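Single-structure report; data block below.
What follows draws every value from the coordinates through simple rules; no lab data is involved. All of these numbers come straight from a predicted model, not from anything done at the bench. Here the Cβ is made from the backbone with ideal geometry for all residues, glycine too, and neighbour counts use every protein chain on show.
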Amino acid sequence: MEILSVDYWNQTYLNNRLSWDIGYVSTPLKAYFDQLKDKSLRILIPGAGNAYEAEYLWKQGFRNIFVLDFSEVAIQRFLSRFPEFPKENILKQDFFLHEKKYDLIVEQTFFTSIFPSQRQAYVEKTAQLLLPNGKLVGLFFNHHFSFDGPPFGGSQEEYRLYFSPYFHFKIFETAYNSIKPRKDRELFVLLEKNIS
């Protein structure tokens with residue numbers, strides 16, 4: 001397995017090896033975003049890639065959205081598609097080195113793009129980046145893949161073990177409104193940071 005470095009991800013985008021990329025905001029996340037009333041929420045989208053979620057939220061009037069990715073190619077692709085997005089809201093950085101605080105973190109394929117050995121660190125970092133009562137919302141594959149990823153799959157039981165020490169589970173179930181190719185194969189997750 002290759003090291004999942006900046007160069008690896010730049011080449012992935014340059015070569016359009018983007019099998020996970022559906023080309024628009026996923027249905028379960030769109031439905032969640034559509035019921036949000038507070039447009040002032042500070043929102044982070046880590047490992048954002050083509051960042052369809054950021055584009056959608058921006059068009060709905062959210063202005064404190066931050067796109068984080070360490071791939072320059074991914075960032076440039078996003079900006080070429082959506083040039084009106086403010087450059088100061090784009091963070092070219094390693095997620096694990098990021099330090100700011102957010103009300104909401106959006107998970108869309110980033111968790112599946114890192115090695116499973118990094119999942120504990122991901123959970124801890126996510127909890128650290130969230131403000132009190134902050135939330136993580138997103139989708140996780142609820143199955144294993146027959147190849148060495150990315151994407152890397154997993155199970156509901158595995159995810160629960162990682163997240164339960166840090167988060168209260170508000171929703172943690174098979175998404176009812178997944179796109180057809182992912183029907184019954186992904187979990188919709190809404191977790192609230194535990195107050196320590």
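Rank A175, A31, A48 by how far each Cα sits towards the positive end of the charge dipole of the chain (+1 on Lys, Arg Cβ; -1 on Asp, Glu Cβ) and give me just the farthest.
Selected residue: A31.
Hey, if you put +1 on the Cβ of every Lys and Arg and -1 on every Asp and Glu Cβ in the chain, which of H143, F82, T109 ends up farthest toward the positive end of that dipole?
F82
If you wrap a convex hull around the Cα atoms of region 95-193, how much volume per residue is inside, in Å³? Can you show the working numbers first?
Values: hull volume 9.3 nm³, N = 99.
With only Cα atoms used, region 95-193 gives 94 Å³ per residue.
Considering amide H positions built from the backbone, and no H for Pro or chain starts, which residues 5 or more places from F145, or on another chain, come under 5 Å of its amide H?
G153
What number, in nm² with one decimal, is the all-direction average of the projected area of the convex hull of the alpha-carbon atoms of region 78-152? Each step should come with its number before you reach the end.
On the way: hull surface 25.9 nm².
Seen from a random direction, the Cα hull of region 78-152 projects 6.5 nm² on average.
Over all distinct alpha-carbon pairs, what is the Kirkwood Rh of region 139-196 in angstrom? Walk me through the numbers on the way to the answer.
Working: mean 1/r = 0.0817 Å⁻¹.
Every distinct Cα pair counted, the radius reaches 12.2 Å.
Where in region 19-93 are there trypsin sites (Lys or Arg not before Pro) that are in a DSSP coil and have at most 14 other Cβ atoms within 10 angstrom of their Cβ?
Those satisfying the criteria are K37, K39, R63.
Note down the nm distance, to one decimal, between modelled labels 7 Å out along Cα→Cβ at L79 and at K37.
About 3.7 nm separates the two model spin labels.
Taking amide H positions as placed in the peptide plane 1.01 Å from N, state which residues far from L68 in sequence (5 or more) or on other chains have amide H under 5 Å from it.
I45, G47, A48, L91
Please list, in chain and number order, the residues 5+ apart from I105 or on another chain whose amide H is under 5 Å from its amide H, with Hs placed from the backbone.
Under 5 Å from the amide H of I105 lie the amide H atoms of L44, K135, L136, V137, each far enough along the sequence or on another chain.
Lysines near K87 by alpha-carbon distance under 27 Å, same-chain residues fewer than 8 away left out - which ones?
In chain and number order, the partners are K30, K37, K39, K59, K100, K101, K125, K135.
If every alpha-carbon in the chain counts as one equal scatterer, what log10 I(q)/I(0) does Debye give at q = 0.09, 0.16 1/Å?
Per q value, in the given order, log10 I(q)/I(0) is -0.30, -1.07.
Among the chymotrypsin sites (Phe, Trp or Tyr not before Pro) in region 111-178, which ones are in a DSSP loop with at most 11 other Cβ atoms within 10 Å of the Cβ? Mind listing them? Spell out each step's value before the answer.
On the way: sites: F111, Y122, F140, F141, F145, F147, F152, Y159, Y162, F163, Y166, F167, F169, F172, Y176; in loops: F145, F147, F152, Y166, Y176.
Answer in residue order: F147, Y176.
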